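Scroll down for the structure; my scribbles are underneath it.
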Amino acid sequence: SSVKHVRPGPNSGQCSTPCDSGMAAITMILDALRTVERPKMIMVGTLYTDTYGLLRGSVLKGRTLDWEWVGVRDLKQLEQGIDDRTALVFTETITNPLGDVSDLRAVSELTRGHGVPLVVDNTLATPFNCLPLECGADLVVYSTAKHFSGTNAHRGGVVLFQEGTLADTLRRQHRVLQ
């Protein structure tokens, strides 16, 4: 069976979009936010192996993406990397597998100052430990497999976000992919 509607809990966001997996949620976001004019993505910190695979083109054969990496604590390099071609900044609350912790409020201040959305994968931290939307994130991703069973016994993902321009963009992308 599949999840048709996800209702976020208190303080977790106004809107949600269910996806077939956490990676499907990330792919939907990357496809929705990148444009010809703004193809660049900045990845903050070490990311989940399959996320790197997606970026390197090994997940989607023959498709490489325009991205660069900065360290979790290197906010100066992050600020220098954001330019008019930057579509989004992506980080994990707690990086997988190294366990580094992003300063979401500081990263959010930088991204907001440049008008660039901040996307946070909060799967490892869980909403019990961190609410990224309250820290300034624009979009939050979860792989529900980690929360429902702790294994890959099932697949699922969800994107949380606030109402606004990005909400319309995500809803449109979600409809296209259904």
For the stretch 24-44, name all the residues that are in contact (Cβ under 8 Å) with a residue 12 or more places away in the chain and either open to solvent by 40 Å² or more (accessible area, probe 1.4 Å) or not in a helix (DSSP H, G or I) (or both). ASP31, ARG34, THR35, GLU37, ARG38, PRO39, LYS40, MET41, ILE42, MET43, VAL44
Subset of the stretch 80-100, residues farther than 20 Å from VAL36 by Cβ and surrounded by 15 or more Cβ atoms within 10 Å (Cβ to Cβ), comes to THR91, GLU92, THR93, ILE94, THR95, ASN96, ASP100
Testing GLU68 on (1) crowded, with 17+ Cβ neighbours inside 10 Å; (2) assigned to a strand (DSSP E or B), one condition comes back false. Which one is that? (1)
So which strands (runs of 3 or more DSSP E) are wholly in the stretch 103-178 and hold at least 1 residues that are at pLDDT 90 or above and open to solvent by less than 80 Å² (accessible area, probe 1.4 Å)? 118-121, 139-143
Among the residues of the stretch 91-99, are any within 21 Å of LEU30 (Cα to Cα) and of a type in the set (Asp, Glu)? yes
Find the residue count for the stretch 73-90, including only residues that are in contact with a Leu (Cβ under 9 Å, 6 or more places away or on another chain) and farther than 24 Å from ASP31 by Cβ. 2
Please work out which residue is modelled with the lowest pLDDT, limiting yourself to the stretch 45-65 and to residues that are among the polar types (S, T, N, Q), within 22 Å of LEU98 (Cβ to Cβ) and part of a loop (DSSP other than H, G, I, E, B). SER58
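The values are calculated or read from the model by the stated rules, or taken from the named source; none is laboratory data. None of the values given here were measured: they were computed from a predicted structure. Glycine gets a Cβ as well: all are built from the backbone with ideal geometry, and neighbour counts include every protein chain shown. Keep in mind that these areas ignore ligands, DNA and RNA; they rest on the heavy atoms of the full protein, side chains included. Shrake-Rupley method; radii C 1.70, N 1.55, O 1.52, S 1.80 Å.
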